[in-house]
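> There's a structure below that I have some questions on.
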Amino acid sequence: MYSPQRKDFVSLTLGDQHSLSYTNGKHHKLSCWRKWKQLSRLQRSLILFLLAFLFICGILSYPSLTEQWRGFSDRSIKEDWEEMDNRGLRPIPPGFVPKQLVVPLPEVIEDIPPELLPETQRPSVPILPKPPAMRKPPSKRGPPALQKRGNVTNWQLKDKEEPVAKKDEEEGKEVNTVISWRGAMIEAEQGTELQPTGRGKEAGTPADSEGAAPLKPVTVKPVDRVEAVLEAFRHAWKGYKAFAWGHDELKPISKTHGEWFGLGLTLIDALDTMWIMGLKDEFEEARKWVETELSFSKNVDVNLFESTIRILGGLLSTYHLTGDTLFLDKAKDFGSRLMPAFKTPSKIPFSDVNIGKGTAHPPRWTTDSTVAEVTSIQLEFRELSRLTHDPQYQKAVEDVTRQVHTLEGKHDGLVPMFINASSGKFTRKGAFTLGARADSYYEYLLKQWLQGGKKETELLEDYLQAIEGVKKNLLRQTSPSKLTFVGELSNGRINPKMDHLVCFLPGTLALGAHNGLPLDHMDLALQLMETCHQMYAQMETGLSPEITHFNLQYHNERDIDVKPADRHNVLRPETVESLFYMYRFTKDSKYRDWGWDILQSFNKHTRVPSGGYTSIGNVRDPVNPAPRDKMESFFLGETLKYLFLLFSDDNELISLDKYVFNTEAHPLPIYGLLHPDERDWAHDGPDVDLKKK
């Protein structure tokens, strides 16, 4: 038999060029791992580096995770610390301290949350956390179109040309700068800086076995509150001098000025403040402007009330404090130019007077004057007569006082808000308030009685009757906290609404009680002072609204409500004014603490980095308080002055037994107790040694 024939060839069939299958039916692809193994070591390293870089960038770009990387809030850290403490845990093992935390320098401690510092090394004053990184602001700034940048607006951003570390011009010292969480640059108060210490053997402490020295306590000077007010004044004055010198008001955000009368209102309002604070250089600059630039020979209408309390009152007060006749001469000139306002059939003055033409008229929007306007000019005109020995000024204002004293239309001593200069009668009767348009009428009843040596009994009778009318008709208590407030009466119905202006009342009541009036006036002052404090404390910015509404319904859990149109704050002084009186008479340190809270809130929410402070539009929004780009003259003339006096330990610094403050915080002497030549200090007054807290 033959063996099967051997084949000498192999048959192979090739498919389509795009086909991935072989003739044996098996499907093979190169795996990713095989491809990765085929790459060189350098190629694999580059790819791994690129992937890691992209992963890190993605993590950092995610907001919530970024926030965690930047640091937890103080509150969360504190809670975590307490939780670990309760469980007996510690982030750092006992007996060992990492070297990087050994005797930290001040700038290092500032970056460490206080809760993470050892007990002996925690600062006694709060340290603001650093803000998130922020891009440079756009070139355009300020009103009318404020630009938002996240939670910070342009007005809060530090101008790029201003250095973070400044040199104090007066003392030649470097002043640290603290950046608030909202972006506003706030110069640190002197005396709050942490004291530097050495490390290891340089600090004089032996190192432990691990090579780390034990922690040493870092001493912190107490906050010098007087110095903090001085710094705030200098900052406000810096803006006024740079952008509004010689003009009425500073617009700190737009870095320009506003005019009302064109008479340098802010400068004149601040004259006696600078003298009281001992700011000699600033005072001399302002005095030179008054001497060389201030002229009242202008064709301009001024409001009789506003110009009297700010300009005439400011000049008279500065004359009494300094003895400089320049200010008395200016006061004589200005006072004489206001007299045409009293040329009316009823002797009730018109509200506006042209100091250049010598003519007067009612306001453009009504034929009436407000009661507060015509009854809150008496202190100044009476003092002008006493200094000039010209009785016309005193006679003019006392005729107004006698007229109002006999008028019909009062309600238990309370007066309506409007009076007609032609008829001399109250108008729009039935509405009674201690707020706008009537407030200082009640204040001047008491202060005229004090100014005249407590001899004019009709003034005292009107004041006492009015306070009884307030207690009978306007006092109410809120629910649920029983806050006492002064409402408004309209046609027999109470409106639970209280202006911030009414917060002058606690101080006025305390002043009366100090001078022998009923003790229950002081009890009421204490209650109202608490309410005025709560008007600040219950707001998110720590600043009071212009008008507050109070809850009288038991089912409501909130005592205070603020309508959107009333949420603005214009840097008013009434609450700090009353805090000053209350501390002077009670020595209760809580009033200083409340005043300090207010100053800190001003610094946090109204301070403008380039200089000055601004009114804001919304005290309920700490992220965007809606700055209004205006610094009222009374911020320097009243608010900062009362804060300075509140924190000063010298009770003889403007003694309340020798002086009476007009409604613009300008001190005028009490008759018979202080002769013009018997001032508190010599002519070089700013050199006086002021006691500080």
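> State yes or no: is residue 238 in contact (Cβ under 8 Å) with a residue 40 or more places away in the chain, more than 24 Å from the chain's Cα centre (by Cα) and surrounded by fewer than 22 Cβ atoms within 10 Å (Cβ to Cβ)? Full working, then the answer.
Numbers: in contact (Cβ under 8 Å) with a residue 40 or more places away in the chain: yes; more than 24 Å from the chain's Cα centre (by Cα): no; surrounded by fewer than 22 Cβ atoms within 10 Å (Cβ to Cβ): yes.
Answer is no for this residue.
> Working only within the stretch 553-573, note down all residues that are open to solvent by 20 Å² or more (accessible area, probe 1.4 Å) and under 16 Å from residue 486 (Cα atoms).
Within the stretch 553-573, just 561 meets the criteria.
> Only helices (runs of 4 or more DSSP H) wholly contained in the stretch 271-366 count here; list those with 2 or more residues that are under 18 Å from residue 386 (Cβ atoms), within 27 Å of the chain's Cα centre (by Cα) and touching a residue at least 24 places away in the same chain (Cβ under 8 Å).
313-322
> If I filter the stretch 616-635 for residues that are part of a loop (DSSP other than H, G, I, E, B), β-branched (Val, Ile, Thr) and within 12 Å of the chain's Cα centre (by Cα), do I get at least one hit?
yes
> How do the pairs read when you match residues in the stretch 422-439 that are farther than 16 Å from residue 369 by Cβ with residues anywhere that are of a type in the set (Lys, Arg) and modelled with pLDDT under 95, using Cβ under 9 Å and keeping only pairs 6 or more apart or on different chains?
Within 9 Å, no pair qualifies.
> For residues that are open to solvent by less than 40 Å² (accessible area, probe 1.4 Å) and more than 35 Å from the chain's Cα centre (by Cα), tally how many sit in the stretch 415-451.
6
> Exactly one condition in (1) modelled with pLDDT of 95 or more; (2) more than 26 Å from residue 381 (Cα to Cα) is not met by residue 581; state its number.
Result: residue 581 passes all but (2).
> Are any residues in the stretch 639-672 under 24 Å from residue 308 (Cβ atoms) and among the charged types (D, E, K, R), and if so, which ones?
Across the stretch 639-672, the qualifying residues are 641, 658, 664.
> Here is a further query. If you take just the helices (runs of 4 or more DSSP H) that sit entirely in the stretch 371-412, which of them hold at least 3 residues that are under 18 Å from residue 330 (Cβ atoms)? Don't jump to the end; show me each part of the working.
Details: elements: 371-375, 378-388, 392-406.
So the answer is 378-388.
> Across the stretch 283-330, which residue is surrounded by the fewest Cβ atoms within 10 Å (Cβ to Cβ) among those that are over 21 Å from residue 351 (Cα atoms) and of a type in the set (Phe, Trp, Tyr)?
For the stretch 283-330, the residue satisfying everything is 289.
> Which one of these does residue 386 not meet: (1) under 26 Å from residue 450 (Cα atoms); (2) at pLDDT below 95; (3) among the basic types (Lys, Arg)?
Just one mismatch for residue 386, condition (2).
> Mind listing just one residue for me: the one in the stretch 263-282 that is in contact with a strand residue (DSSP E or B) (Cβ under 9 Å, 6 or more places away or on another chain) and either surrounded by fewer than 19 Cβ atoms within 10 Å (Cβ to Cβ) or hydrophobic (A, V, I, L, M, F, W, C) (or both) and, of those, nearest to residue 358 (Cα to Cα)?
If we take residues in the stretch 263-282 being in contact with a strand residue (DSSP E or B) (Cβ under 9 Å, 6 or more places away or on another chain) and either surrounded by fewer than 19 Cβ atoms within 10 Å (Cβ to Cβ) or hydrophobic (A, V, I, L, M, F, W, C) (or both), then 263 is nearest to residue 358 (Cα to Cα).
The values are calculated or read from the model by the stated rules, or taken from the named source; none is laboratory data. Keep in mind it's a predicted model, so treat the numbers as computed, not measured. When we count neighbours, we look across all protein chains shown, and the Cβ atoms used for this are built from the backbone with ideal geometry, even at glycine. Remember, those area values only see protein heavy atoms, side chains included, never the ligands or the DNA or RNA. Shrake-Rupley method; radii C 1.70, N 1.55, O 1.52, S 1.80 Å.
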